[in-house]
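The values are calculated or read from the model by the stated rules, or taken from the named source; none is laboratory data. Just so you know, these numbers come straight off a predicted model, no measurement behind them. Using ideal geometry, Cβ is built from the backbone for each residue, glycine included, and neighbour counts are taken over all protein chains shown.
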Amino acid sequence: MGGVRRDGTARPLDRTGPPRNMGHMEHAIVFGASGGIGAALADHLAERYDVTRLSRRHDGLDVTDETSVAYLVGRLDRPVEIVFVATGLLAPEGHTPEKSLDAVEAAAMAQTFAVNAIGPALILRHIAPKLSETARVGVLTARVGSIGDNRMGGWYSYRAAKAAANQIVHGAAIEIGRKRKRAVVVALHPGTVDTPFTEGYAASKVAAPEAAANLVRVLTALTPEQTGGFFDYAGRPVEW
């Protein structure tokens, strides 16, 4: 595991994967690797890649703290081929997604934005120099962040934060693509995955390992011409 020991010395980053020649095994990283879908993504990727897992639980990763992000990403010692940003917050503790404008609270909205929009922006800022020439970066957002698909209203903070994350991903794809023309940077909708994150919601859910396999398949199949897009777990474009 990564992070810092009590005596102030650094722990090695948590890497998993099959026996390999480290010089030939491509490197993947999952941010939020202790969550339900993040853990499933890391496990699935470990079948083919040398995987670095970063999370609050194991490494003290705080995506809202640039020092934390910069420190952990700065310790990566070789180019990264696959990146998944699987961090997220449905609502702060003690809150639920708003059903009406009357439920909007500034502090809760700010925290939701900090995790769901500012966090991915900080990760993209610091991971960009570490990417390989053919890197694939998938930031998990959500279909509810689509303005065009919003026909029910509500969920103001979460919807708006995910819409902001989509814009950040789109802009980052343009910038990263100027130096790495074969790279792909996209927003991904994983579907409703059966994890503690969705506990209490009655929507039809897919198991985390299946969702992870879907997302890896989609991300690795996309072409540089599709960078900056927003896609679901089946590879279908999602409207903005």
Review point. Mind checking whether some residue in region 32-42 is of a type outside the set (Gly, Ala, Ser) and either surrounded by 18 or more Cβ atoms within 10 Å (Cβ to Cβ) or at pLDDT 95 or above (or both)?
Key: yes
**Study point:** Scan of region 85-104 for residues that are within 18 Å of residue 192 (Cβ to Cβ) and either among the acidic types (Asp, Glu) or within 21 Å of the chain's Cα centre (by Cα) (or both), ordered by number
**Key:** 86, 87, 88, 89, 90, 91, 97
Practice item. Could you tell me whether region 198-209 includes any residue that is under 19 Å from residue 161 (Cβ atoms), modelled with pLDDT of 95 or more and aromatic (Phe, Trp, Tyr)? Key: no
Study note, to complete from the structure: Pairing a residue in region 170-189 that is free of Cβ contacts under 8 Å to residues at least 60 places away in the same chain and closer than 19 Å to residue 140 by Cα with any residue that is polar (S, T, N, Q) and assigned to a helix (DSSP H, G or I), where Cβ atoms lie under 6 Å and the two sit 6 or more apart in sequence or on different chains, gives 187/166
Revision key, fill the gap. Checked against (1) of a type outside the set (D, E, K, R); (2) surrounded by 17 or more Cβ atoms within 10 Å (Cβ to Cβ); (3) in contact with a helix residue (DSSP H, G or I) (Cβ under 7 Å, 6 or more places away or on another chain); (4) more than 18 Å from residue 161 (Cβ to Cβ), residue 70 satisfies every condition except (2)
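Which residue, of 176, 168, is crowded, with 18+ Cβ neighbours inside 10 Å, under 14 Å from the mean Cα position of the chain (by Cα), of a type in the set (A, V, I, L, M) and in a helix (DSSP H, G or I)? Talk me through it step by step, then tell me what you get.
Numbers: 176 fails: under 14 Å from the mean Cα position of the chain (by Cα).
Within the list 176, 168, the selection yields 168.
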**Study point:** The lone exception for residue 141 - which of (1) closer than 22 Å to residue 112 by Cβ; (2) surrounded by fewer than 23 Cβ atoms within 10 Å (Cβ to Cβ); (3) in contact with a strand residue (DSSP E or B) (Cβ under 8 Å, 6 or more places away or on another chain) it fails
**Key:** (2)
Revision key, fill the gap. The lone condition residue 85 fails out of (1) of a type in the set (A, V, I, L, M, F, W, C); (2) surrounded by fewer than 17 Cβ atoms within 10 Å (Cβ to Cβ); (3) touching a strand residue (DSSP E or B) at 6+ places or on another chain (Cβ under 9 Å) is (2)
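Okay, residues lined up against (1) farther than 20 Å from residue 171 by Cα; (2) touching a Phe, Trp or Tyr at 6+ places or on another chain (Cβ under 8 Å); (3) in contact (Cβ under 8 Å) with a residue 24 or more places away in the chain; (4) in a loop (DSSP other than H, G, I, E, B):
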position	(1), (2), (3), (4)
83	no, yes, yes, no
94	yes, no, no, yes
123	no, yes, yes, no
128	no, no, yes, no
Check your understanding: Could you say whether any residue in region 55-72 is more than 18 Å from the chain's Cα centre (by Cα), modelled with pLDDT of 95 or more and charged (D, E, K, R)?
Key -> no
Point to revise | Odd one out for residue 98, checked against (1) buried (at least 18 other Cβ atoms within 10 Å of the Cβ); (2) farther than 26 Å from residue 191 by Cβ | key: (2)
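Checking the conditions here, which among 153, 145 is of a type outside the set (Val, Ile, Thr) and over 18 Å from residue 231 (Cβ atoms)? Can you show your working first?
Details: 145 fails: over 18 Å from residue 231 (Cβ atoms).
The unique qualifying residue is 153.
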